[in-house]
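Participant: A single structure is presented below for examination.
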Amino acid sequence: MAKRLFTNVSVATMEPGGSPYGLISDAALAIENDTIAWVGPPNALPDDWRSVEAEDLGGRLVTPALIDCHTHLVFGGHRAKEFELRLEGATYEEIARAGGGIISTVKATRTCSEDELVQTALRRLDTLLGEGVRTVEIKSGYGLTIADELKMLRAAKRLAKLRNFRLRTTYLAAHAVPPEYKGRSLDYVHEVVLPGMDAAHAEGLIDAVDVFCENIAFSIEETRIIFEHARKLGIPVKIHAEQLSNLGGAKLAASFGALSADHLEYLDAEGAASLAKSGTVAVLLPGAFYTLRETQAPPVSELRAAGASIAIATDCNPGSSPLTSLLLAMNMASTLFRLTPEEALAGVTRNAAKALGLGNEIGTITPGKRAELAVWNVEQPAELAYRIGFNPLHQVIMGVEA
Ligand code: DI6
Ligand code: FE
């Protein structure tokens, strides 16, 4: 059995209930193959580890490798023009209604080959990985035909062969109504979203199904139809909800036992309580809030009071959140949403794992979980959310091999 032992290290285990960050200040950390074997004070190290030569981490901080649980990393083109229009006064909703927005990225994505999608997404992926991210969720949703949705998902799957990270793919054909179905969104659901889900599932391309439930996208009734179909196939669901208005999408998702409900700026206390009750993670996306210059922040106090789990993600996408830094998302979550730095770190580790249904495998430094660790050149865990545009990553440890 291959073993590695690390000493002279601070470990933010992110286990709840104990010290802040689950911090063990002067720790030893033992891993065996792909798994965390032991963590604790060095004088309590089990006997069978005493003969293993220790690697000194120089007093650095170790956290779980970071998890970006909501991205649209694969897409064609970019939307710098739209950025300019917004600076001239146009709103995101106006641009979307005028055929720009998501639809312009759909056009660009449809013209891209699978290879081109892989190559352009790889740049963004590498930027995330450079900050200690080792689990990334990637959504489809810019193809909006069965063939183009499958193309996006296959491109995402290829990324996982090119880099050493854990991938979760989500089927989001219900991201926008494509021009050819304008005014016929229910037809689009029946003719594309549902059969496309069958095809993607049959090819083993998806871990979850997502819906953009919003006035400019899909209604509550349409969302329900899509969720019921996913349930029949045994695929977990998640939702983009309450981003621009309060339609009650989060509550609907909770009633389906959704993994997560994401955005949530317009969520009310009742919605927050329903998420807590169903164990659905509230995923906050400060990059979109910032880019769209939203003024209504998500109801963090209500989520806390209800006892909901809160995660943070980049929402990396070409329109509302052209962000490829999870560390910056943590900073924004603290500064814009008033999350504590501890909540921000839990939001990209423990709670992000839960938002992907991976809570038993990753997200905390707990014996038995996977040894996917980030080592940082910082003294205190709060430094990770505190700095802006600074990357203190020292190294990533993925099991005994790397
Ligand atoms: N909400 C968002 O913020 C992104 N998708 C979504 O459902 C926006 C995607 C885009 O503008 O391209
Ligand atoms: Fe999104």
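The values are calculated or read from the model by the stated rules, or taken from the named source; none is laboratory data. Computed from a predicted model, the values in this text were never measured in an experiment. All Cβ positions, glycine included, derive from the backbone under ideal geometry; neighbour counts span all protein chains shown. The area values use the complete protein model at the heavy-atom level, side chains included, leaving out ligands, DNA and RNA. Shrake-Rupley method; radii C 1.70, N 1.55, O 1.52, S 1.80 Å.
Participant: Do any helices (runs of 4 or more DSSP H) lying entirely in segment 1-115 carry at least 2 residues that are closer than 28 Å to Glu131 by Cβ and in contact with a strand residue (DSSP E or B) (Cβ under 9 Å, 6 or more places away or on another chain), and which ones are they?
Facilitator: By residue number, 102-111.
Participant: Moving on to the next point. For Leu259, indicate whether it is within 15 Å of ligand 2 (Cβ to nearest atom), at pLDDT below 95, open to solvent by 30 Å² or more (accessible area, probe 1.4 Å) and of a type outside the set (Ser, Thr, Tyr).
Facilitator: Here the answer is no, as Leu259 does not meet what is asked.
Participant: Run Gln380 past the list (1) closer than 21 Å to Ala12 by Cα; (2) open to solvent by less than 10 Å² (accessible area, probe 1.4 Å); (3) in a loop (DSSP other than H, G, I, E, B) and report the number of the one that doesn't hold.
Facilitator: Condition not satisfied by Gln380: (2).
Participant: Also: For segment 237-258, give me each residue that is within 16 Å of ligand 1 (Cβ to nearest atom), assigned to a loop (DSSP other than H, G, I, E, B) and over 15 Å from Pro298 (Cα atoms).
Facilitator: Of everything in segment 237-258, just one residue is within 16 Å of ligand 1 (Cβ to nearest atom), assigned to a loop (DSSP other than H, G, I, E, B) and over 15 Å from Pro298 (Cα atoms), namely Ala258.
Participant: Among Thr145, Thr105, Thr111, Thr120, which is the only one that is at pLDDT 95 or above, closer than 20 Å to Ala173 by Cβ, more than 10 Å from ligand 1 (Cβ to nearest atom) and surrounded by 13 or more Cβ atoms within 10 Å (Cβ to Cβ)?
Facilitator: Thr145
Participant: For segment 273-313, what are the residues that are more than 11 Å from ligand 1 (Cβ to nearest atom) and polar (S, T, N, Q)?
Facilitator: Ser274, Ser278, Thr280, Thr295, Gln296, Ser301, Ser309, listed by residue number.
Conditions (1) on the phi > 0 side of the Ramachandran plot; (2) surrounded by 24 or more Cβ atoms within 10 Å (Cβ to Cβ); (3) more than 15 Å from the chain's Cα centre (by Cα), marked per residue:
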| site | (1), (2), (3) |
| --- | --- |
| Thr295 | no, no, yes |
| Val300 | no, no, yes |
| Val348 | no, yes, no |
| Gly357 | yes, no, no |
| Ile365 | no, yes, yes |
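Participant: Also, quick follow-up: Without any contact (Cβ under 8 Å) to a residue 24 or more places away in the chain and open to solvent by 70 Å² or more (accessible area, probe 1.4 Å) - does that describe any residue in segment 50-71?
Facilitator: Scanning segment 50-71 turns up at least one residue that is without any contact (Cβ under 8 Å) to a residue 24 or more places away in the chain and open to solvent by 70 Å² or more (accessible area, probe 1.4 Å).
Participant: Something else about it: Looking at Gly271, is it in a helix (DSSP H, G or I) and open to solvent by less than 20 Å² (accessible area, probe 1.4 Å)?
Facilitator: Here the answer is yes, as Gly271 does meet what is asked.
Participant: Regarding segment 205-221, can at least one residue be identified that is part of a helix (DSSP H, G or I) and modelled with pLDDT of 95 or more?
Facilitator: The answer is yes, given that some residue of segment 205-221 is part of a helix (DSSP H, G or I) and modelled with pLDDT of 95 or more.
Participant: Name every residue in segment 44-89 that is among the aliphatic types (A, V, I, L, M) and within 16 Å of ligand 2 (Cβ to nearest atom), in order of residue number.
Facilitator: Matches in segment 44-89: Ile67, Leu73, Val74.
Participant: Now for a different question. Failed condition for Tyr92, given (1) within 15 Å of ligand 2 (Cβ to nearest atom); (2) touching a Cys at 6+ places or on another chain (Cβ under 9 Å); (3) open to solvent by 20 Å² or more (accessible area, probe 1.4 Å); (4) not aliphatic (A, V, I, L, M), with all others met?
Facilitator: Of everything listed in (1) within 15 Å of ligand 2 (Cβ to nearest atom); (2) touching a Cys at 6+ places or on another chain (Cβ under 9 Å); (3) open to solvent by 20 Å² or more (accessible area, probe 1.4 Å); (4) not aliphatic (A, V, I, L, M), Tyr92 misses just condition (2).
Participant: Looking at segment 154-186, which of the residues that are in a helix (DSSP H, G or I), in contact with a helix residue (DSSP H, G or I) (Cβ under 9 Å, 6 or more places away or on another chain) and open to solvent by less than 60 Å² (accessible area, probe 1.4 Å) is farthest from ligand 2 (Cβ to nearest atom)?
Facilitator: Tyr181
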